[in-house]
Amino acid sequence: MKTRVFLLKDIADITYGNKFDLQNMTFDIPTVNFISRTGHNNGVSAKVDKINHIEPYPGGCLTIALGGSIGAAFYQRTPFYTAQNIAVVQFKEAVPYLAKLYLCQIIKYEVKNRFRPFGRELNRHIKKDFGVRLPYNEDGYPDWEYMEIFMKGLKYKPITTKIEKKRSAFYTDTWGEYKLDDLFVFTKGKRLTKEDMSPGDINFLGAISESNGVREKIKTDYCWEPNCITVNYNGSVGEAFYQSKPFWASDDVNVLYARDFWKMNKYIAMFLITVIKANKYRFGYGRKWTMEKMKETVIKLPSQEDGTPDFIYMEKYIKSLPYSDRI
């Protein structure tokens with residue numbers, strides 16, 4: 001199959017979304033997906049109320065993160081609103097949804113290799129000269145039918161688990177409140193420019209929301225010790241990951257190690273990460289989750305009779321969940 005580069009603006013209409021702030025949305029009868037710059041959950045960070053006199057974008061569009069998890073591209077089945085720095089792609093012709101999924105992967109690939117936040121920024125090029133290499137038909141147009149057939153032919157192996165699904169009730173009203181600074185020792189990542197990087201086998205963590213925060217692999221003699229949680233304070237603010245291997249953290253990332261009174265493991269970390277990420281809606285493009293603010297952030301956790309966090313409960317709870325045997 002022959003391919004050539006098409007400018008995205010020539011095959012679709014591109015707009016810059018609603019530019020809404022999630023903190024200003026309401027949640028009384030939430031029915032509309034809210035798309036942010038995250039690379040997870042199809043870009044959906046919440047469901048919000050429909051705004052009077054402002055129609056959501058229709059289902060069938062693509063969304064592209066222009067910051068944060070830059071280049072994260074998703075097909076939206078249902079109507080949605082967007083945060084800042086989101087491009088919305090609406091097609092000029094009927095395109096099968098599987099072909100749109102194909103295009104999402106091509107967009108992600110092109111962005112990963114050509115664009116960087118605070119460098120060659122995608123938002124300056126997306127409506128101008130951003131191109132994607134696609135198969136084309138005898139008339140010279142994108143061959144959507146071929147892309148659809150290609151996607152239908154893909155095979156995958158389903159993920160399995162030996163743990164049965166069961167309902168586990170949460171009673172968070174009895175949980176205790178803890179400052180992150182009381183639970184963790186904080187260190188800040190260090191800036192490393194592209195010019196100073198060379199390919200290697202050490203994980204380099206950027207302020208992204210996918211691939212466990214790993215942007216690329218580099219060669220370095222200095223790195224952070226594993227068995228810790230990393231939290232983005234910039235970019236995809238509030239995205240948190242457990243690190244099991246040595247790594248280099250960029251200056252957009254805070255590194256959290258367990259204080260001496262408890263020992264971290266991957267199961268406890270998974271519980272804590274979920275709670276930490278629940279606070280990310282408080283921060284965003286205009287309000288960074290700096291180390292000082294992060295240290296003062298209060299989270300609720302299961303607690304013991306003496307008032308200390310019940311880390312044993314957290315570990316057992318995560319182990320009881322389906323697919324926890326795949327962690």
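The values are calculated or read from the model by the stated rules, or taken from the named source; none is laboratory data. Since we're looking at a predicted model, the values are computed, not measured. Backbone-built Cβ (ideal geometry, glycine too); neighbour counts: all protein chains shown. Areas reflect the complete protein model, heavy atoms only, side chains present, ligands, DNA and RNA absent. Shrake-Rupley method; radii C 1.70, N 1.55, O 1.52, S 1.80 Å.
In table form, for the structure just shown:
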| quantity | calculated |
| --- | --- |
| For ALA249: the one exception among (1) touching a Ser or Thr at 6+ places or on another chain (Cβ under 8 Å); (2) surrounded by fewer than 15 Cβ atoms within 10 Å (Cβ to Cβ) | (2) |
| Residue match in region 119-139 (condition: open to solvent by 30 Å² or more (accessible area, probe 1.4 Å), of a type in the set (Gly, Ala, Ser) and within 22 Å of the chain's Cα centre (by Cα)) | yes |
| Pair list, Cβ under 8 Å, 6 or more apart: region 265-277 residue under 14 Å from LYS319 (Cβ atoms), other residue among the charged types (D, E, K, R) | ASN265/GLU315; TYR267/GLU315; TYR267/LYS319; ILE268/GLU315; PHE271/GLU315 |
| Verdict on ASP21 being loosely packed, with under 15 Cβ neighbours inside 10 Å, touching a residue at least 40 places away in the same chain (Cβ under 8 Å) and in contact with a Gly (Cβ under 8 Å, 6 or more places away or on another chain) | yes |
| Filter pass, ARG114 being at pLDDT below 95 and not acidic (Asp, Glu) | yes |
| Conditions (1) in contact with a strand residue (DSSP E or B) (Cβ under 7 Å, 6 or more places away or on another chain); (2) assigned to a loop (DSSP other than H, G, I, E, B); (3) of a type in the set (Ser, Thr, Tyr): number failed by TYR222 | (1) |
| Number of the exception - PHE261 against (1) open to solvent by less than 50 Å² (accessible area, probe 1.4 Å); (2) in contact with a Ser or Thr (Cβ under 8 Å, 6 or more places away or on another chain); (3) among the hydrophobic types (A, V, I, L, M, F, W, C); (4) under 16 Å from TYR178 (Cβ atoms) | (1) |
| Residue count, region 142-174 (criterion: surrounded by 10 or more Cβ atoms within 10 Å (Cβ to Cβ), among the aliphatic types (A, V, I, L, M) and within 25 Å of the chain's Cα centre (by Cα)) | 1 |
| Qualifying strands (runs of 3 or more DSSP E) (wholly inside region 59-103; at least 2 residues being open to solvent by 10 Å² or more (accessible area, probe 1.4 Å) and in contact (Cβ under 8 Å) with a residue 40 or more places away in the chain) | 86-91 |
| Filtered residues of region 15-30 (kept if modelled with pLDDT under 95 and hydroxyl-bearing (Ser, Thr, Tyr)) | THR26 |
| Single residue of ILE107, ILE51 found to be open to solvent by 10 Å² or more (accessible area, probe 1.4 Å) and in contact (Cβ under 8 Å) with a residue 24 or more places away in the chain | ILE51 |
| Selection count, region 178-202, where residues are surrounded by 10 or more Cβ atoms within 10 Å (Cβ to Cβ) and not hydrophobic (A, V, I, L, M, F, W, C) | 10 |
| Selected residue (criterion: farthest from GLU55 (Cα to Cα)) from residues of region 24-38 that are β-branched (Val, Ile, Thr) and either open to solvent by 70 Å² or more (accessible area, probe 1.4 Å) or not in a strand (DSSP E or B) (or both) | THR38 |
| Options TYR75, TYR109: the member that is touching a Cys at 6+ places or on another chain (Cβ under 8 Å), aromatic (Phe, Trp, Tyr) and within 25 Å of TRP144 (Cβ to Cβ) | TYR75 |
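Here is a yes/no grid of residues against (1) in contact with a Ser or Thr (Cβ under 6 Å, 6 or more places away or on another chain); (2) free of Cβ contacts under 8 Å to residues at least 12 places away in the same chain; (3) under 25 Å from MET264 (Cα atoms):
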| site | (1), (2), (3) |
| --- | --- |
| TYR178 | no, no, yes |
| PHE184 | no, no, yes |
| GLY189 | yes, no, yes |
| LEU192 | no, no, no |
| ASP196 | no, yes, no |
| ASN203 | no, no, yes |
| ILE208 | yes, no, yes |
| VAL214 | no, no, yes |
| ILE218 | no, no, no |
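So that you can scan it fast, the table gives a plain yes or no per residue for (1) closer than 27 Å to ILE229 by Cα; (2) modelled with pLDDT of 95 or more; (3) not in a loop (DSSP other than H, G, I, E, B):
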| site | (1), (2), (3) |
| --- | --- |
| LYS166 | no, no, no |
| PHE170 | yes, no, no |
| GLU177 | yes, yes, yes |
| ASP182 | yes, yes, yes |
